[in-house]
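Comments concern the structure below.
The values are calculated or read from the model by the stated rules, or taken from the named source; none is laboratory data. Treat the numbers as computed from the prediction; the structure is a model and nothing was measured. Cβ sites come from the backbone with ideal geometry, for glycine too, and all protein chains shown count toward neighbours.
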């Protein structure tokens, strides 16, 4: 359980770093300190809150042909960047928010496939 939280945190840090590096409209001020804190909080959100919300909204996943988890991830990253880290993380526009969500999702999936073995 701790191992899974650690990998979610590490993958969130890497996903946010890659978003900051590749997307010019994603700006993280004081990168090291903010990335570690933001990655830890986003890792906790992905570890604790997101599975509960996904189970509750399973019918929406069926109705949207599997696109609702992407929308949920976009909302969580928006809430995370614009509410929790208002002046530290700035995402200018919906397109960079969409791509940040995609990058964080891909990094989380790769980490899950490589390091977390399913039982």
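Tabulated data
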quantity	calculated
Count of region 18-45 residues which are touching a strand residue (DSSP E or B) at 6+ places or on another chain (Cβ under 8 Å) and free of Cβ contacts under 8 Å to residues at least 24 places away in the same chain	2
Exclusive hit being touching a helix residue (DSSP H, G or I) at 6+ places or on another chain (Cβ under 7 Å), modelled with pLDDT of 85 or more and surrounded by 14 or more Cβ atoms within 10 Å (Cβ to Cβ), set 60, 71, 37	60
From the options 44, 27, 2, 49, residue that is modelled with pLDDT of 85 or more and over 13 Å from the mean Cα position of the chain (by Cα)	27
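A quick yes/no check of all residues on (1) surrounded by fewer than 18 Cβ atoms within 10 Å (Cβ to Cβ); (2) part of a helix (DSSP H, G or I); (3) over 16 Å from the mean Cα position of the chain (by Cα):
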position	(1), (2), (3)
77	no, yes, no
80	no, yes, no
95	yes, yes, no
104	no, yes, no
107	no, yes, no
110	yes, yes, no
114	yes, yes, yes
